[in-house]
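Note sheet for the following structure.
The values are calculated or read from the model by the stated rules, or taken from the named source; none is laboratory data. All values derive from a computational prediction rather than experimental measurement. Don't worry about glycine lacking a Cβ; one is built from the backbone with ideal geometry, like all the others, and counts go over all protein chains shown. For the accessible areas, the whole protein counts, side chains as well, though only heavy atoms, and no ligand, DNA or RNA atoms are used. Shrake-Rupley method; radii C 1.70, N 1.55, O 1.52, S 1.80 Å.
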Amino acid sequence: FSSTYVSKASGRQNRLKSERNENMDNLNLKDVTALVGLIFGLTGFILGVLNYRRDRAKVTVNVLWDMTFTGNPVYDPNKKWGLVTVANVGRRAIYLSHASLRIPKGYGVSHLLLPESVAGKKLAEGDPPLQFSIDQTDLSKYAKDWENVRAEIIDSTGKKWKSRRPKAKNKPSWAMDK
């Protein structure tokens, strides 16, 4: 009795295994189409995310201190000037609303607006950088917090782009102890 029961059970298991193997070996067109669709869909999603991350606006803002202008009658060559450079290094055009110097707290003002920037300008991918000059004559009152005086631009969407904090070795002449 037990030997026939075992032989019937093992025969049933063998049939189930062979049916499973046949089902695995016989992929039909629906299965292949579903697999190809999954691969293409996943690839398209990944490429979409990568393109979104790549195609964003990105702006760099730099400040150079103690510059002099030569050969330009608008600027006094005997004065020291700061130069704010704004470059679009991203893939989307930006519309510059205005540029300013951000002043640390405790001075009664938060920003010194750069008059050349008030008209607003478009800065597209590959355009030459915009440059704004700063007269350094009146900046000595901020000498105590010179490393926190940073250039800042605001685009038409309200996003703020700031210059990096300056290094100690790049201390401007208006911040030197007198």
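Is it the case that Lys58 is out of contact with any Phe, Trp or Tyr (no Cβ under 6 Å at 6 or more places or on another chain) and exposed (fewer than 10 other Cβ atoms within 10 Å of the Cβ)?
Details: out of contact with any Phe, Trp or Tyr (no Cβ under 6 Å at 6 or more places or on another chain): yes; exposed (fewer than 10 other Cβ atoms within 10 Å of the Cβ): no.
The answer is no for Lys58.
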Taking the stated definitions as given, is Gly108 free of Cβ contacts under 8 Å to residues at least 40 places away in the same chain, over 18 Å from Ala175 (Cβ atoms), part of a loop (DSSP other than H, G, I, E, B) and over 24 Å from the mean Cα position of the chain (by Cα)?
yes
Do we find that Leu47 is at pLDDT 90 or above, at negative phi and open to solvent by less than 100 Å² (accessible area, probe 1.4 Å) in this structure?
yes
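Check whether at least one residue in the range 132-139 is open to solvent by 20 Å² or more (accessible area, probe 1.4 Å) and touching a Ser or Thr at 6+ places or on another chain (Cβ under 9 Å), and report yes or no. Spell out the reasoning first.
If we filter the range 132-139 for residues that are open to solvent by 20 Å² or more (accessible area, probe 1.4 Å), which is where we start, we get 135, 137-138.
Applying the additional criterion that residues be touching a Ser or Thr at 6+ places or on another chain (Cβ under 9 Å) yields none.
Looking for residues that are open to solvent by 20 Å² or more (accessible area, probe 1.4 Å) and touching a Ser or Thr at 6+ places or on another chain (Cβ under 9 Å), one finds none in the range 132-139, hence no.
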Please work out which residue is surrounded by the most Cβ atoms within 10 Å (Cβ to Cβ), limiting yourself to the range 62-90 and to residues that are among the small types (Gly, Ala, Ser) and assigned to a strand (DSSP E or B).
Gly82
So in the range 112-131, with the set limited to residues that are of a type in the set (A, V, I, L, M, F, W, C) and touching a residue at least 40 places away in the same chain (Cβ under 8 Å), which one is surrounded by the most Cβ atoms within 10 Å (Cβ to Cβ)?
Leu123
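Looking only at strands (runs of 3 or more DSSP E) that lie completely in the range 119-178, which have at least 1 residues being in contact with a strand residue (DSSP E or B) (Cβ under 8 Å, 6 or more places away or on another chain), modelled with pLDDT under 90 and within 19 Å of Tyr107 (Cβ to Cβ)?
On the way: elements: 121-123, 130-135, 150-155, 160-162.
Ranges flagged: 130-135.
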